[in-house]
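The values are calculated or read from the model by the stated rules, or taken from the named source; none is laboratory data. Only a predicted model underlies this, so the values are computations on that prediction, with no experimental measurement involved. Heads up, the Cβs are rebuilt from the backbone with ideal geometry, glycines too, and the neighbour counts pull from every protein chain shown. Quick note on the areas: whole protein, heavy atoms, side chains included, nothing else; ligands and nucleic acids left out. Shrake-Rupley method; radii C 1.70, N 1.55, O 1.52, S 1.80 Å.
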Amino acid sequence: MRWWPMKKRNVDLERELRSDLELEEEEQRESGLSSEEARYAARRAFGNPTIIKEQTYETWGWAPLERLLQDLRYALRQLKRSPGFAVTAMAILALGVGANVAVFSVMNALIMRPLNVPQPQSLYLVEHREHGAYMQSYPDYLDYRDGNSTFSAMATFDMTNTAIRIGKTALKSYGYVASGNYFDMLGIQPALGRMFHANDERGVNSAPYIVLSYDFWRVRFNENPNVVGTTVDLNTHPFTVIGVAPREFHGTEIFFWPDFWIPMVEAPQIGYSIHFLAHRGTHNLWILGRLKPGVTRAGADEDMNAISSRLAKLYPGDDDGLDARLVKPGLKGDVWGDPARAFLAGIMGLASLVLLAACANLGGIFAVRAADRRKELAIRMAIGSSRWRIVRGLMTEAVVVSLAGGVAGTTLATGLLQLLSRWQPFADYPIHATVLPDGKVYGIALLLSLISGWLFGILPARQVWESDAAQAIKTGASSAPVFHRFTLRDLLLSVQIALCTLLVTASLVALRGMQRSLHAPLGFEPKGVMLAETDLTMAGYREEEFLPVQRRMLEQTARLPGVSAVGIIDRTLLGNGCCGSEGVFRAGTTDFRQEVFDGRNFSISPGYLEAAGTRLLSGRNYTWHDNANTTQVAIVNATFARMMFGNAPAVGQHFLLFGGANPKEIVGVVEDGKYQTLAEEAQPAMFFPLSQEINSNDTVLVVRSVLPSSEMASALDRTLTSINPDLPLTLHSWPDALDLAFFPTRAATAALGTMGLLAAMLATTGIFGTAAYSVSRRTRELGIRVALGAARTQLMRSALGRPLVLLACGSAAGLALGVLASRLLGQVVYEARPSDPLVLGGVLLTMVVLGLVAVWIPARRALRIDPAGLIRED
């Protein structure tokens with residue numbers, strides 16, 4: 001039945017009932033009764049009009065809708081009469097729902113949402129079965145592509161960086177090298193021009209084409225529609241722009257948003273080995289495939305492993321033990337997937353505790369509100385309302401509050417997520433994340449809101465269901481019996497305080513972890529140091545030209561005013577892409593099958609240790625006399641010396657690298673440091689002379705200076721550009737370069753700090769509500785005590801003892817939970833130590849302060865009770 005005639009039919013029903021009643025009155029008057037007697041007799045004979053209406057509605061099928069509308073109108077009237085209660089309840093729930101929506105949106109965007117390409121559900125990465133081995137060789141890709149029967153198409157790609165010259169400016173830029181069928185397999189159509197295809201590849205260096213990302217085209221080319229056909233230089237080699245990718249396509253990784261794509265056959269032009277396309281032992285590529293319709297993941301796994309077994313037999317030297325597994329793309333397959341999932345799962349668990357604490361808080365508030373309305377609800381029951389009708393009204397009120405709070409929390413979370421989506425955490429790297437909510441997130445928000453409303457509406461509903469209407473009318477709300485035992489409201493407050501204490505503990509654990517990270521010994525002193533990072537191959541230099549250019553960079557930089565030390569290292573410590581490693585063997589070894597350990601390796605110039613602030617513990621530093629014509633030497637760190645030689649002096653000792661014929665003589669020992677991550681344990685490390693061993697084409701100029709960073713950066717830019725304007729430079733202070741290393745710690749601290757702040761707010765409101773209710777319900781009793789001469793301390797103990805006892809019990813339980821939750825916190829914070837004395841002391845102090853703040857206003861109210869005024873009111 002349609003809804004629109006409902007109002008008209010109600011009017012017709014009212015008119016008909018009124019007409020029938022008037023006819024009955026007329027019949028009663030004709031029987032000899034007076035007008036007044038006839039009216040009463042007619043009403044008795046006719047019956048209750050309201051019941052007749054409800055019965056009629058039942059036949060129309062509108063009764064449920066009518067009851068729902070009545071409950072909604074009543075709930076809105078009640079909330080309008082108590083705006084303070086309504087706003088407080090909605091704000092509390094908005095905090096809980098908003099925190100969960102924000103965290104779930106991030107988890108959904110990074111872990112659950114598929115790639116933004118057509119039919120993403122059929123895409124899989126082909127990796128090695130051994131966890132941690134992700135990449136394949138180009139010949140392996142060709143064999144997988146041509147020999148499989150389960151994929152409709154397979155493509156390969158790698159992420160890289162180059163110097164891209166636009167006009168007179170050389171910029172370090174990040175992009176993809178991809179097989180010619182990459183875009184066709186994904187089903188990507190250009191926004192401008194065309195994409196490259198498989199038929200563009202006709203051998204090495206046969207397809208000098210480049211496809212620009214939409215953002216790069218918009219920022220660097222000002223959305224010039226005539227960009228197609230123009231030429232840009234990548235590492236001094238010309239490439240023709242053939243197209244622009246669509247706005248929404250950012251490659252096949254979640255975080256990495258490239259500036260460009262070039263065909264795989266052009267990789268040697270930008271620094272890849274000329275032989276990598278033919279060398280089966282060079283595993284540096286990702287393989288992505290689209291399953292055929294009807295093919296399962298397990299079937300494709302079997303197919304890939306059959307090919308792997310065949311390759312292992314054909315090429316035992318390069319592909320011995322080769323196997324395969326399929327994983328969903330995103331977050332680089334499993335490279336970052338496991339830690340990201342663990343981190344977000346931990347944060348999601350803590351956000352759920354915030355929502356649970358909010359529900360406990362609201363349950364207590366609604367229970368107090370129901371207790372204060374005892375007399376009103378009892379009168380409604382006395383005049384005919386059923387308990388179910390009243391309970392339904394209270395539950396409707398709770399759901400209205402929950403939906404309003406959920407909408408407010410979702411709106412707040414959406415605004416914060418919009419800011420997060422525009423945030424680029426590292427200026428030097430194309431790392432982005434779009435974490436805006438979608439339909440799935442909004443559905444979760446609605447579900448959380450409804451469940452929350454049901455949870456905190458149960459308690460007042462239970463009170464009404466078990467209440468005695470006659471007793472409530474007789475005693476009234478104001479003289480309800482004082483609590484002499486712990487109630488469910490007390491239990492809810494204790495649970496809330498325990499959860500809040502746990503969250504405050506987590507936030508302080510994160511702060512403590514960040515404090516340890518910031519003061520951890522790094523093995524170098526970044527303060528006062530500028531870094532100039534470049535790649536010499538991007539400017540067209542060959543390997544034999546590296547050392548002369550590097551010495552020229554050092555000499556000219558050393559002449560700059562304010563420079564106290566300058567050196568070169570081939571990789572930035574704690575930077576992106578650090579670090580390389582090599583197997584280390586004892587001197588005299590001829591069997592290289594079992595190494596002593598795997599050591600980090602770096603190439604440094606004379607002066608680097610002074611510029612970096614790395615302490616030399618024994619031996620000597622390098623000079624330019626340590627060159628290719630002298631003894632092969634090395635400087636090692638303290639962990640290397642201890643693991644290789646025990647307590648014996650390391651200087652003067654020798655060791656071998658894998659396959660090395662000439663032993664390395666140790667000429668110095670330096671302090672241990674952090675090389676890859678802040679969380680790593682002490683690692684053995686080796687530092688070789690730049691003039692004896694070149695391990696990388698990367699060059700990092702380390703400049704210690706007393707000048708401000710901005711002045712030093714300008715001076716370095718002028719100096720290095722004068723050497724070669726094609727050098728792509730990344731200039732930043734060393735503390736700024738550590739942003740990537742400190743990001744996990746800072747992210748954990750920010751997330752847990754926010755959770756702790758929300759928890760503190762919820763704990764304060766919960767304790768305040770209980771304390772204020774206790775004082776309000778016992779005003780008369782406290783006034784009598786004052787009149788009888790009770791001391792202030794006795795009055796305060798009587799009025800506020802219960803909330804403070806609950807605070808103490810809940811805090812103790814929360815501290816115990818914090819200690820037991822070390823494993824959960826360990827997913828978020830490195831070396832989580834809830835039992836740290838500083839953390840425990842901080843939590844206790846925080847909860848004491850929160851308790852004092854929460855009971856301050858109720859305590860003042862209790863102390864200002866005027867017994868004479870109360871007697872006059874009676």
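For this structure, a couple of remarks:
- Using θ = phi - 60° and Karplus 6.51 cos²θ - 1.76 cosθ + 1.60, couplings along segment 518-524 (whole Hz; Gly, Pro as x): 5, 10, 5, x, 8, x, 7
- Exceeding the 29 Å Cα-Cα cut-off - candidates Lys172/Lys664; Lys172/Lys674; Lys328/Lys440; Lys80/Lys440; Lys328/Lys674: Lys172/Lys664; Lys80/Lys440; Lys328/Lys674
- Among the protein heavy atoms of segment 79-165, carbon and sulfur supply 56% of the accessible surface, probe 1.4 Å, non-protein parts ignored.
- Computed from the alpha carbon atoms alone, the convex hull of segment 620-672 holds 84 Å³ per residue.
- Among Val495, Val101, the sequence by solvent-accessible area, most first, with a 1.4 Å probe is Val495, Val101.
- For segment 574-720, accessible area per residue (1.4 Å probe, heavy atoms of protein chains only), Å²: 43 Å²
- Max-minus-min Cα coordinates of segment 543-688 on each principal axis give 50, 38, 29 Å, with the largest extent listed first.
- Global form of segment 201-323, assessed from the alpha-carbon gyration tensor, a/c cut-off 1.5: oblate
- Carbon/sulfur fraction of accessible area - segment 406-446, other protein chains in place, 1.4 Å, %: 70 percent
- Close amide H partners of Ser581, meaning residues 5 or more places away or on another chain with modelled amide H under 5 Å apart, are Asn601.
- Net charge contributed by nearby residues that have their C-beta within less than 13 Å of Thr749 (K/R +1, D/E -1): +3
- Inter-label distance for Val819 and Leu450, nm, one decimal - labels placed 7 Å from Cα along Cα-to-Cβ: 4.2 nm
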